[in-house]
Amino acid sequence: MSGIERLPSPHTFSADPEVGTDLAAVDWAATPLGEPEQWPQSLRTAVSILLSSRFSMWMAWGPELTFFCNAAYRRHTLHEKYPWALGRPAREVWAEIWDDIGPRIDTVLSTGEATWDEGLLLFLERAGYPEESYHTFSYSPLRDDEGGLVGMLCVVSEDTDQVIGERRMGTLRDLGSDPSVARTEREMLAFTSRQLGRNQADLPFTLTYLFGDDGRPELAASTGFDNPHPTPGSEGTHPATEPEGTPLATGSDGVYPAPGSDAGGSETGFVSAHRATAPEVWPADRVATGEPVLVELAGEPFAGLPTGVWPDPPTRALVLPLPRQGGTPYGFLVAGLNRHRPFDDSYRGFLELVAGHVAAGIASTRSYRAQQRRAEELAELDRAKTTFFSNISHEFRTPLTLIMGPVEDLRARLTSAGDEVREGIEVIHRNGLRLGKLVNTLLDFSRIEAGRMQARYEPVDLSAVTAELASAFRSAIERAGLTFEVDCPPLPEPVHVDLGMWEKVVLNLLSNALKFTFDGGVRVAVRADGPDAVVTVTDTGVGVPEEEMPRLFERFHRIENARSRSNEGSGIGLALVQELVRLHGGTIAAQSETGRGTSFAIRLPFGHAHLPDYTGVPVAGGSREATPSRPSPVGAASAQPDPATPLSTNADPFLQEALRWLPPGGASPPTRAALEPVAGPVPGTGTSVLVADDNADMRDYLTRLLRSAGHRVTAVVDGRYALDAARAEVPDIVVSDVMMPRLDGLQLVAALRADPRTAGTPVLLLSARAGQEASIEGLDAGADDYLFKPFSAAELLARVRANVDLARLRNHHARWRTALIDSLQEAFFVSDESGAIIEINSAFTDILGYGPEGLPYLPVHPWWPDRESDVEGHRAVADSFAMLLDRPYGAYTIPVVHRDGRRLWAAAAFNQVRDPETGRRVIVGTFRDVTAEQHAVQRDSALAALGLCLSEAENLDGALTAVLAELRDIWQATYVLAAVFDDSSSPAVTCTDPALNWETLPEQRRAALLALRARPVLTPVTEEHAGSGITLEHPAGTMVLWIEPGPARPFSTADETLLALLAGHLGQGLNRIHQIDQQRETALALQRAILGPDRLPSGFAVRYEPATRPLKVGGDWYDTIELADGRIGIVVGDCVGHGLQAATVMGQLRSACRALLLRDSSPARTLMSLDVFAAMLPGAACATVFCGVLDPGTGHLVYSSAGHPPAIVGHPDGSTHLLDQGRSRPVAVRAGAERPEAEFTVPPRATLLLYTDGLVERRRRPLSSGISEASTAVRHGLGTPIEDLATEIMDRLTPDNGYDDDVAVLLYRHPGPLELEFPAESGRLAPVRSALRGWLERCGVDAATTQNILVAAGEACANAIEHGHRDSPGGQIRLRAAATAGDLRLIVTDTGMWKNPDPTANPYRGRGLKLMRAFMQAVTVTSGTSGTIVDMQARIS
Amino acid sequence: MTTALTLTTGPGAVLTAAGEIDMSNAETFAAALTSAVTSAAGSPLTVDLTAVQYLDSAGLAALFVQADHIEVLTGPILAPLLEISGLSEMTTVRWA
């Protein structure tokens, strides 16, 4: 080496003053080498090379292999053995590893061939314990002056930090690699244990304890223990707990039953064979406070602990809490510590990340479990309720009907029986009525609930109707000794009510008033109040306690201990009243005072504009007394009463009940007959006859006549009422006049024939028009017989009897069929060839709301979805309809619209049959309401869609945006909004409608969101006609999700359940993405740490960026190596693939390349050696590598490329070119073949860019276009400081969706910045100038500019010396000069105070600043307490 | 350690400097200048700076002090500095 001669002999050690001094202090005479003066030249040369090298080296010389080393080796490897080791036999210095290295040294000395070891694990005793360390080194022979082998030189690089960093990172990456969201705690712990068990170097053993419900820790998982098995005792007592108690995992990793689970209690559970697994061994109490505790593993319980991969067990363990957000820890993790590594910040950080990961996993599985359970419970409850209510109708009503029918008969027949028998029958009757009333009320509820309550509104004088209803209660109230005031003056306008419902409202309130009032009275009043009619029912009863008022209208809520006339009651009356009033678009309010009474006020608007589906029904004409009543109060299948039904029929059960409350005495309870309308059917054994005639005299006559013959008669005033009555209860025969208003006799016949239930009912027409034609007309219409007025009584009775008998014979079959079809729970229909629906059953009406009165239903049927607003639904139905007409049979599921506008799903099946009578083809079909099933399907697909959104998202914001869009589509919502309440003043709002944010939201909605925020999480809240919201946990804070429904899709209970489920999943998903983000950050930090290098040579900048998708770190790398001759090795490479595998291969190729370059600084030969190495390393083949060696002084670069994309050079004049020489195949493709080498001299201020293909490769575009873009980026960056340029280039080339491959970038600008630090002494100025002059020359700066810059720099330095350090001599001054293509920047920094120039004290000093400004383009002086910075810039091109 | 500077007097009223002048040796330079001006006894002293590679404001200050008594001989390296500092306005500066 050329520098040796200049070193003054005999100071062989002068190349390094520090180590040299210690070497000089060795008593050499006592060694076989003797005094240094007598050493052979070869030894002196070797020692000089050793000392002057900045690379870590040691050497051994002579018979005892006397030890020498340099400063780098001391710093990196020797540590505490320095300076003791100097001059000692190598065998003594490295006694602890002599078994490993001795044979290698022997090989070198006997064969003269160098050895090569990479990443060799050596246990060095350099810090007071055998320390795990990794070394890559080469031993090469040293020869004496005569050429004999006398020693060895070791060039070594210590890789400990990289190897251990890679190992720990691998564990963390594996921990984060489990893709599943839905897991149980056990599965999570088993997975975690498998991963932790794979790194028994850093984790010789681990124990995971979880706190049970009682707060006591229990062992949940372990790693490292060979065979944690049940204790002998527990095997006997818990044989059934297999396999729960058996460790799940393979190998030595175990998972134990969760605390509190059935499998294994804390006393008798499974205990590991080892004492140390007992929880009481560890400081659980201290860890519970949240701080890790270091435990010395001394003493009995710790004897014989697992050793991991090491020969001896750990001496210390760290006990870490498993942190729970905002609570005491879930438990703790005990990690045995590697006794061969220091317990430093990086080790502690690694363990905290592991514990954090385990805790996050537990949090995730627990909250998942809780949410899962909750959602299932909600769905189950909903199903159960629906099922219960729909079953009630079939299960209660049938037997009730069969009880009440015979009872009515018995009452009629047993009028003459004994009192006891009659009393008994009355009891049965009354209670039957009560039960019927209750069942009907419940049914009303289930109908309201299911949206099937069909109201039929008609305009009435509310005062009159209400007064009439009230009057039914008068006698009962007065009998109770109370006053009864009915104050109902006529109202100015009619109010639209469904009479059946209104009856229930008034009767319930009156019954309630009577029940709770003992003194005073009851008052009913009706008034007009602006646009509303107000009906008040006031009593002077016991009143309602204030605290009960809010729950007054709650279903099934009863006020306990209230004094009342009866303890009976379901607590459902007022709730029903409220629902019924709501259906009328009205409101009900209550006022009450304990002991003073209660007042209910109902407000109903006048007119019908507020009614959603008002279909006008004319006021019942004629007289009420002439209309039929129903024989059984439980016979009503609908809340919709016949408009002609007498009020007292519904009042009957209420009254019967109320009268039972009153004390006996006085008159006996009124008989039913007293309350009945005169024209109701008289009990009798005969056939039931329905008489329709508009002439009252004729009607009376017919009634009398038929009754006299023992028939039961119902009389109505026209055909319409007749039809309704016939449908309500099919009579045995209809006797009808032909000429009637509204619906005449012929039309009545046609309508009766069209309804399958009445098609078989005989009809006897009466007409004043005599003649054959009229007769034929009537018979054509389907009448069974025809009678001309006048007719004899006998003739009429004979014809009635004959027709009934005939019909009975004829209709037996048809009736059976009708009964059968009506009993079907599935909807049934018959359609003709054109698709018109000509027959339906009652389930059809229940499901769709369309009754037989509308038959036939012609296509397009009214239940088809609207062609305009629901295009898809309409098309689906149209397609199915076409199929129905064409195919012989089939099945389909379609969306349909209920009469009230609700959307349903129906699953239908159909068959074509031939009508045996007409021979025409008809289609018979059934369908059921599958809305609930459809919702379940939608729920599953919504969950799947949500899961997809979450798995594809790259960050929290992206996930939220995608999920909101998905939710909007699921509900066809107007918009969906998420407000995250973090700590800032207003919440962060994300919305599918980009125009909406917190400020633009309506004040009302903001308030609603704030209110929701305070609600418990995952509890959906629906605001009527507004939308639904739910609260969930977002990683940044509480999040409120709001769904503003669209008009076509209002929110139902099923939707709320779905929302809760989706919100639960969303919360989970967001937290998981958050965790992945954090893990990715951690992984990236570790990856960058592995990549190094610790210190970049001057003028270089590097950058590594992983692919955008989570955790895709891997195969790319860069490296700079400072070679012994001062040149710098540059390597940029790219391994095939991604992930841990690629990262491992990358690490090995990088180390190999580094070591090979140190041994032989030819890039081509380095790559050829790498070919041989890579051929043996799985996964390394086909890696591409650019390898170069740069002289930083001259810019001279020798390089060779193994299939790597060409480096880009940007010249200061703005031109660029590619380093595309020296190219050859990728690594290990043809090992042994020669590789070319090329040279290039980097011009002053040129920029060199090396990169991996991720920077330039774009899908569907040639590589050359990417390289050309990169060249442009370099050209743009010529004026950018090198340290900022990496970011600039990466940003400029970022694809739209981020980099989908990882990218390594290495930049060099020649020459590297000049950095000098020198003491503030004037004598230092000349060498500083000299260094700066040399650097400016390397920068290619011309002589005149150089002189200017030298003066400016000299003045700045002189000022720093003069002013900055006048009061504190010996301070340091730093000078930094850096060049871009066109500019130079010079910064002089001192640590002293720069005083303002004082012209009187130093007249000439002021000139310094003036000169700086004169010679530089920009000068900035910043003076502060810590020193002064002079920052100057000059153009140099 | 001071910066390398060689000062030669004569022959005649000439002071020749070679090397670099900065604050570490400016006093030496000033002393030599004063002494040479004194020796020149009224006739203008020629200060030959053609061999000076570097001159800073401390050196300039010494020249300013004697500006009335000297003529300066300079090469291309220092010429801009003498111009910008204003010395050329106060004393004769000649190009070698």
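Anisotropy class assigned to the range B:5-95 is rounded, per the alpha carbon gyration tensor with a/c under the 1.5 cut-off.
Run through the range A:317-385 and list the chymotrypsin sites (Phe, Trp or Tyr not before Pro) located in a DSSP loop whose Cβ has at most 13 other Cβ atoms within 10 Å.
Numbers: sites: A:330, A:332, A:343, A:347, A:350, A:368; in loops: A:343.
Nothing satisfies the criteria.
Using a 10 Å cut-off around each Cβ of peptide B:49-62, what is the average number of partner chain Cβ atoms that fall inside? Across B:49-62, the average partner-chain Cβ count within 10 Å equals 5.
Taking trypsin sites (Lys or Arg not before Pro) across the range A:38-118, the ones in a DSSP loop with at most 14 further Cβ atoms lying within 10 angstrom of their Cβ are A:54.
With contacts taken as Cα pairs under 8 Å at a separation of at least 6 residues, the range A:1251-1318 carries a relative contact order of 44 percent.
How about the range A:892-967: which trypsin sites (Lys or Arg not before Pro) there are in a DSSP loop, with at most 14 other Cβ atoms within 10 Å of their Cβ? Taking the range A:892-967 and a limit of 14 other Cβ atoms within 10 Å, the loop trypsin sites (Lys or Arg not before Pro) found are A:920. By the rule of a C-alpha distance below 13 Å, with chain neighbours fewer than 8 residues away ignored, the aspartates and glutamates paired with residue A:1410 are A:1355, B:56, B:83. The residues neighbouring residue A:350, those whose beta-carbon lies less than 14 Å from its own, together hold a net charge of -2 under the Lys/Arg +1, Asp/Glu -1 convention. Taken along the Cα-to-beta-carbon direction at a fixed 7 Å, the label points for residue A:887 and residue A:1213 span 8.0 nm.
Within a Cβ distance under 12 Å of residue A:1000, other residues only, what is the Lys/Arg minus Asp/Glu net charge?
On the way: positive: A:1005, A:1006; negative: A:993, A:999, A:1003.
So the environment of residue A:1000 carries a net charge of -1.
Where nothing but the Cβ of Lys and Arg (+1) and of Asp and Glu (-1) is charged, how large is the charge dipole of the range A:934-1080 around its Cα centre, in debye to the nearest 20?
On the way: 9 positive and 18 negative charges, 42 e Å.
I would put it at about 200 debye.
Since every read-out is calculated from the coordinates, none of them should be taken as a lab result. All figures in this text were calculated on a predicted structure; none of them were measured in a lab. With ideal geometry, Cβ positions are generated from the backbone for all residues, glycine too; neighbour counts draw on all protein chains shown.
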